[in-house]
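Before any comments, here is the structure.
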Amino acid sequence: MSFIRLFLLIVLVNSAGMAAVHADSFTVSGIRIEGLQRLPDGTLLNYLPIVAGDPIDDDQITYAISELYKTGFFADIQLFRDGDVLVVRVKERPSIANVEFSGNSDIDDDALKNALTDIGVTRGQIYNRALLEKLAMELERVYFSQGKYGVKIETEVTPLDQNRVDIDITISEGKVALIKHINIVGNDVYDDETLLDDLESGVPSSWALFSSIDEYSKPKLNGYLEKIRSYYLDRGYIKFTIESTQVSITPDKQDIYITINVSEGDRYKISSSELTGEMVVNRQTMESQIFTRQGMWFSRSLMTTSKKRLEQQMGRIGYAFSQVKITPVIDDVKKEVALTYHVIPGEKIYVRRIMIHGNDTTQDQVFRREMRLMEGSILASDLLERSKIRIQRLPYVESVEIETVPVPGSSTQVDLKVDLTEKLAGSFNIGAGFSQTQGLLFNVGLTQENLFGTGKRLSLNINTDRANTIYSAAYTNPYYTIDGISRTVSASFRERDASQELINNFQTNTGDINISYGVPLSEFNTLSLGYGFSRIKITPSSVNPSRDVTLFLDEHDGQNTFNSLTLNTSFSHDTRNRTVFATTGTQQVIAMNMTVPGSQLEYYKLSYRTNNYFSVTSATTLLLRANLAYGDGYAGTSALPFFERYFAGGIRTVRGYESNSLGPRDPDSNFAIGGNMRITAGADYIFPIPFVEKPPSSVRLSAFYDVGNVFLNDYHTFNADPSDKGFQLDQLRTSVGLSLVWISPIGPLRFSYARTINDVPGDDLRAFQFSIGSFF
C-alpha cells in the first residue's frame, strides 16, 4: 500500500511540475524562491538538486520536486520558468507551537512529553497529519504498558499565526485492566499458590479490598516473572526457563488472563567452590566470603552475594574496580555444578581530589569533615559508602550523591565529586495540641540546624501543658574539636504542678544549666560526658500535702530550696538503619546522672535502655525492648529525692493503665508517689496497614506486649502485702494491644488500645489512650 501511495505521489508531483515548467530545456541563470516564512533560503537551496548554470529538463524538474517533498517541510511545491530564472514557489507546512494535555492523572505531562520527544514530536517540529497518528500510537503504547487498555485519545489542531499550530490532546484514561487469573503450566515441583505468593502481580487476597496487586502493567509482570525465575534458581534449578508468556484481554478491555509456560529442569547440587586469581587479601579471609558450599543446592542469590562480598573485601583496601568472574561447570550426569570464582583485583586506586558541589549555604568544611576519605588516601569502598551515609544524615541535606571520576592520564587515581542538594535548616514552630495526660499543649520554638552555614545547632523553645511550663535553650557544636568531639550548652527553667499529673501534691520550680561533650569512639559507639548546675524550689500543696513531701522537708529542717552540681555520663551503641521507624539494628544506652559529693542533695540515677529491631519479612519488623532505671541517695542523703522518682503507666511505658498510676501510692490521697526503681519491657510486631498496598512511611502500626512497674525501697507497691517491699516480680503489670504512631504535619500522633492481663482491683485502667501534638 505504501508503494502505491508513493507512486501516485510521484505521478501527481510530476503532473504539477510539468504543468508549471515548459517542456523546453534551458540553462538556469538564477534561482528565485517564493513563499518561505520560517525556513531560510539557504536551507531550501541545500536540498534543491539544481544550481545556477545547470541545464535542466523534465526529468530533472521531477527529481527536484521529489527531493524537496522528501524533506517534509512543504505542503505544496511548484517550479516555474521566468526567462532563464527558475522560480521555486513553496507553501511551508505549519510548525508545532505547543502540545497540551488534559484528562491525564496517572501519568503527568512531563512523562508524556518525554515519550513524544522520543519519537521526535517537540515544539518547533514540522506538523503533518501522519504525525498525529504517530503521536496517538505512542501515547497508547505508554498507557498500555500501565495496563490501561481502555484509554481513548482525541487530538485537536488549532491554527495560529505565523504558520503555526497548537495540538491539544484530550485523554480519557479509563480503568486499569485487572488480573483475573494466572495459570502456570509446566510446574510440577512447586504449585501455583506457592509461586504466586507475595509477588508484585497476581490476584489479591479476599480481605485486601483496596489492594492494587491485581492491576496489570507490563513492568509489574516482568518483575513478577523475574521473581519466579529467582525462586527456582535459588533452589537448585539452574536450567529453569520461562518458555513463553501469553497475556489475554477480554473484549471490554477490563480483565486480563495470564498464562506462563515454564520448564523446571533438574535440581543441581554444588560439587565445589574454587577461588582462583591474584590474592591481594588473605586467602582464608576471601574464602570466608563465599557462601556456596559443597553439597548445597545451587543458589543464584548466594552465588551473586558471594561475588559482591569478594569485590567488597578487595574494595576495602583500595581495589575499588576489582572484578570477580564466575565460571559454572555443569555436570548433567551427576546433576552437579562446580563454581570457580576468579578474582581480578586490578590496580589500587587513590583519591586525588574531593570536590563539593551544591553547598550554596553551608561551608565546604562542614561536609569535608564528614568524609571518611581524604585526598591522597586509598579509595576504600566501605569508607566511601559510610561518607555518603554520614552526609545524608545531616539535617540540612536533602540528598547526596558521590561520583568517582577517573583522572585523565592516570589509571590509579580518581576524583570524588560530591553533589549535594541542601534543604532549609531553620524553622519557626508554633503549635497546639491535646493529650489525655498533659491536657492542652502549646509550643513555640525557633530552631536552626545549620547556624550561619557552620553546621552548628541552636534551639529556643517554650512548651506548656496543664502540669508544666518549660523554657529551654540549647547550642550544639558537633565539631567542638577537630577530632569530632561535640559540645552542647543548654539551659532550662521548669514550673511543675505534680498534682495535675495525678502524682504527689507538690509544686516545683527548677532551673538547670548543663554542658556536655560527645566523644565518638567509633562509627557506632559514642561516649558522653557532662556537668551542670541545678536549683530546685519545692512548695508543698496547701491542701492535703503528700506525706513523703512533708517528711522530706522535715528531714531537711524545712529547707525547700536546694542547689546541686551534677555530673552525667552515658555510653551508646547504635547500629539502627534509621533514627525514626527503624527496621534493623540495635540501640543500647547506659547512662548515669549524679550530684557531686558535697552538694546539698547527694544522689545518683542509673539507666539502661535497649531496642532491638529484627526484619521478619520485607514488610514486618519485630522490636524487643527494655528500659531499666534505678536511683538512690548516698552520703548525707538517705534516699532518692521524691521529685526525682520514676513513674510508670500510660502510652509510653505500660499501656492500658492510667499515666503515672502504677507503683506505690500515698496512703492518704491515693496518688501515685513513684519509685526509685523502674522496670519496663515489651515486644512490638510492626506491620503495614491492612487494605493499603503502599502504606505511607510516616505511619507505624503494631501489636504490642507491655510489662513493667515501679518500686520503692522500704515501701510496698499498690495492693501488695505491706511486708513485700521493694522489687517484687509478681507485681509487674502486663498488657497487650494495638498501637498506631503517625508523624503528621501537625506533630506526632500516638494511639493505642490495650487490654490489661494481670490488673488488680483499684488499678486505674484506660483501654484507649492517645497523645496528639505532644513531644517525643
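The figures follow:
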| quantity | calculated |
| --- | --- |
| Residue count, the range 349-361 (criterion: farther than 17 Å from residue 321 by Cα, part of a loop (DSSP other than H, G, I, E, B) and not hydroxyl-bearing (Ser, Thr, Tyr)) | 3 |
| The range 304-316 - residue that is in contact with a strand residue (DSSP E or B) (Cβ under 8 Å, 6 or more places away or on another chain) and open to solvent by 30 Å² or more (accessible area, probe 1.4 Å) and, of those, farthest from residue 380 (Cα to Cα) | 307 |
| Those residues of the range 121-137 which are open to solvent by 30 Å² or more (accessible area, probe 1.4 Å), farther than 21 Å from residue 41 by Cα and not charged (D, E, K, R), in sequence order | 122, 128, 130, 137 |
| Scope the range 159-181; condition in a strand (DSSP E or B) and open to solvent by 50 Å² or more (accessible area, probe 1.4 Å); matching residues | 159, 160, 164, 168, 170, 172, 178, 180, 181 |
| Residue among 292, 285, 304 that is touching a Phe, Trp or Tyr at 6+ places or on another chain (Cβ under 8 Å), on the phi < 0 side of the Ramachandran plot and of a type in the set (Val, Ile, Thr) | 292 |
| Failed criterion for residue 131 (all others in (1) touching a helix residue (DSSP H, G or I) at 6+ places or on another chain (Cβ under 8 Å); (2) at pLDDT below 75 hold) | (1) |
| The one condition in (1) surrounded by 14 or more Cβ atoms within 10 Å (Cβ to Cβ); (2) modelled with pLDDT of 75 or more that residue 246 fails to fulfil | (1) |
| Residue match in the range 429-436 (condition: modelled with pLDDT of 90 or more, in contact with a Phe, Trp or Tyr (Cβ under 7 Å, 6 or more places away or on another chain) and not small (Gly, Ala, Ser)) | no |
| Yes/no for residue 639 being under 20 Å from residue 536 (Cβ atoms), open to solvent by 40 Å² or more (accessible area, probe 1.4 Å), in contact (Cβ under 8 Å) with a residue 24 or more places away in the chain and touching a strand residue (DSSP E or B) at 6+ places or on another chain (Cβ under 6 Å) | yes |
| Which numbered condition residue 256 fails, given (1) of a type in the set (Val, Ile, Thr); (2) without any contact (Cβ under 8 Å) to a residue 24 or more places away in the chain; (3) surrounded by 15 or more Cβ atoms within 10 Å (Cβ to Cβ) | (2) |
| Members of the range 362-395 that are in a loop (DSSP other than H, G, I, E, B), open to solvent by less than 50 Å² (accessible area, probe 1.4 Å) and either in contact with a strand residue (DSSP E or B) (Cβ under 6 Å, 6 or more places away or on another chain) or at positive phi (or both) | 373, 377, 379 |
| Tally, over the range 26-51, of residues that are β-branched (Val, Ile, Thr), touching a residue at least 40 places away in the same chain (Cβ under 8 Å) and open to solvent by less than 40 Å² (accessible area, probe 1.4 Å) | 2 |
| Contacts under 8 angstrom Cβ, first residue in the range 617-634 being farther than 24 Å from residue 681 by Cβ, partner small (Gly, Ala, Ser) and open to solvent by 20 Å² or more (accessible area, probe 1.4 Å), 6 or more apart | 633/639 |
| Extreme residue, nearest to residue 535 (Cα to Cα), among residues of the range 493-524 that are of a type in the set (Ser, Thr, Tyr) and open to solvent by 40 Å² or more (accessible area, probe 1.4 Å) | 517 |
| Residues (over 27 Å from the mean Cα position of the chain (by Cα), over 12 Å from residue 189 (Cβ atoms) and in contact (Cβ under 8 Å) with a residue 40 or more places away in the chain) located in the range 223-238 | 233, 234, 238 |
| Restricting the range 277-297 to residues that are open to solvent by 90 Å² or more (accessible area, probe 1.4 Å) and in contact (Cβ under 8 Å) with a residue 24 or more places away in the chain, the residue that is farthest from residue 346 (Cα to Cα) | 297 |
| Wholly enclosed strands (runs of 3 or more DSSP E) of the range 485-572 bearing at least 2 residues basic (Lys, Arg) and within 43 Å of the chain's Cα centre (by Cα) | 486-497 |
| Check on residue 75, closer than 23 Å to residue 128 by Cβ and in contact with a Pro (Cβ under 8 Å, 6 or more places away or on another chain) | no |
| Pair list, Cβ < 6 Å and 6+ apart or interchain, from the range 397-422 residues that are closer than 14 Å to residue 370 by Cβ and part of a strand (DSSP E or B) to residues that are open to solvent by less than 50 Å² (accessible area, probe 1.4 Å) and polar (S, T, N, Q) | 420/359 |
| Matching residues, the range 555-600, being loosely packed, with under 13 Cβ neighbours inside 10 Å, of a type in the set (Val, Ile, Thr) and closer than 22 Å to residue 625 by Cα | 579, 580 |
| Any chance residue 143 is on the phi < 0 side of the Ramachandran plot, hydroxyl-bearing (Ser, Thr, Tyr), in contact (Cβ under 8 Å) with a residue 60 or more places away in the chain and surrounded by 16 or more Cβ atoms within 10 Å (Cβ to Cβ) | no |
| Only listed residue being open to solvent by 40 Å² or more (accessible area, probe 1.4 Å), polar (S, T, N, Q) and under 30 Å from residue 172 (Cβ atoms), chosen from 102, 95 | 102 |
| Residue satisfying all of: in the range 317-361; under 18 Å from residue 416 (Cβ atoms) and β-branched (Val, Ile, Thr); most open to solvent (accessible area, probe 1.4 Å) among these | 317 |
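Residue by residue, here is whether (1) of a type in the set (Phe, Trp, Tyr); (2) touching a Pro at 6+ places or on another chain (Cβ under 8 Å); (3) at pLDDT below 95; (4) outside any loop (DSSP other than H, G, I, E, B) holds:
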residue: 293; (1), (2), (3), (4): no, no, yes, no
residue: 338; (1), (2), (3), (4): no, yes, no, yes
residue: 341; (1), (2), (3), (4): yes, no, no, yes
residue: 347; (1), (2), (3), (4): no, no, yes, no
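So that you can scan it fast, the table gives a plain yes or no per residue for (1) of a type in the set (Gly, Ala, Ser); (2) assigned to a helix (DSSP H, G or I):
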{"site": "221", "(1), (2)": "no, yes"}
{"site": "225", "(1), (2)": "no, yes"}
{"site": "229", "(1), (2)": "no, yes"}
{"site": "236", "(1), (2)": "yes, no"}
{"site": "239", "(1), (2)": "no, no"}
{"site": "243", "(1), (2)": "no, no"}
{"site": "247", "(1), (2)": "no, no"}
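Residue-by-condition table, conditions (1) among the charged types (D, E, K, R); (2) at pLDDT 95 or above; (3) out of contact with any helix residue (DSSP H, G or I) (no Cβ under 7 Å at 6 or more places or on another chain); (4) open to solvent by 60 Å² or more (accessible area, probe 1.4 Å):
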| site | (1), (2), (3), (4) |
| --- | --- |
| 197 | yes, no, yes, yes |
| 200 | yes, no, no, yes |
| 218 | yes, no, no, yes |
| 242 | no, no, no, no |
| 264 | yes, no, no, no |
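The values are calculated or read from the model by the stated rules, or taken from the named source; none is laboratory data. Model, not experiment: these values are computed from the prediction. Quick reminder, even Gly has a Cβ in these numbers, built from the backbone with ideal geometry, and neighbours come from all protein chains shown. We work out accessible area using only protein heavy atoms, side chains counted, and drop any ligands, DNA or RNA first. Shrake-Rupley method; radii C 1.70, N 1.55, O 1.52, S 1.80 Å.
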